[in-house]
Every structure is written in C-alpha cells, then in structure tokens.
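The values are calculated or read from the model by the stated rules, or taken from the named source; none is laboratory data. Please read all numbers here as calculations on a predicted model, not as lab measurements. Glycine gets a Cβ as well: all are built from the backbone with ideal geometry, and neighbour counts include every protein chain shown. Only protein heavy atoms, including side chains, enter the accessible area calculation; ligands, DNA and RNA are left aside. Shrake-Rupley method; radii C 1.70, N 1.55, O 1.52, S 1.80 Å.
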Amino acid sequence: QVQLVESGGGLVQAGGSLRLSCAASGSIFSINYMGWYRQAPGNQRELVAVITSGRTTNYADSVKGRFTIFRDSAKNTVYLQMNSLKPEDTAVYYCHARVRRLSSPLENDYWGQGTQVTVSP
C-alpha cells in the first residue's frame, strides 16, 4: 500500500508563514503528480496547488503569488510554502498523490489524513 503523511499545520497570525510537508511511502514505483487541496467548514474540497513529475505547477487563483509548491522526488515528498497568510486560508489541508505502485501498471489516487491550518486576524 501507499501512505501519505502530512506535517506542518498550525496556528499563525495573518501575514505569517507556514510550510506544509507530505511524505509518501510504501510500494511506490513512481509518482505522477502531487498536490495540496483544502477544505474549510461548509465548503467543498478545493485544489490549492499541484506539481507534476516534470515540475510543472498550477495554483488556485486565490493563492497565486503567496504559496509555492515544490517537491523532492528522491524523498517522495511535496511541500507547500505558504506566505502572507490570510484568515480565509483557514482550512484542513490535504495532500494528494497519483501513484503507480510496484505491483501494478495502473495509477491510483492517495490522500493524506489532513492537517489543520488556522490563520487568526
């Protein structure tokens, strides 16, 4: 199986910064793309940022210029550097990865357990 373990969430004041990390482990052959989603109370889960194996990135308009996604392929780890945080960034942040396992030619989606980010005014 494949596991995604997130870390780095917490409480920060508006204007502050946080860095989220997500490490993938298990029977991994390759990881196509990795990304971060978030879900605030009463809202649907939304894409925050994604990065492909070729380092192509895509961001939600609401975080462009403030958040940066990058990955360490050797460690199967993706990071989300969040700067200039706003109260509206408050949400549970989930890591996602599309993985090809050692035992299969197919790719599957995996999710982390989520980490809370709270931005106070």
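At-a-glance table
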read-out	value
Of residues in segment 58-96 being farther than 14 Å from Y37 by Cα and within 12 Å of the chain's Cα centre (by Cα), the one most open to solvent (accessible area, probe 1.4 Å)	F70
Residue within segment 8-17 that is modelled with pLDDT of 95 or more, out of contact with any strand residue (DSSP E or B) (no Cβ under 8 Å at 6 or more places or on another chain), at negative phi and not in a strand (DSSP E or B) present	no
Residue match in segment 98-121 (condition: touching a Pro at 6+ places or on another chain (Cβ under 9 Å), open to solvent by 40 Å² or more (accessible area, probe 1.4 Å) and in a loop (DSSP other than H, G, I, E, B))	yes
Subset of segment 97-121 (residues that are more than 14 Å from the chain's Cα centre (by Cα) and more than 19 Å from P41 (Cα to Cα))	V99, R100, R101, L102, S103, S104, P105, L106, E107, N108
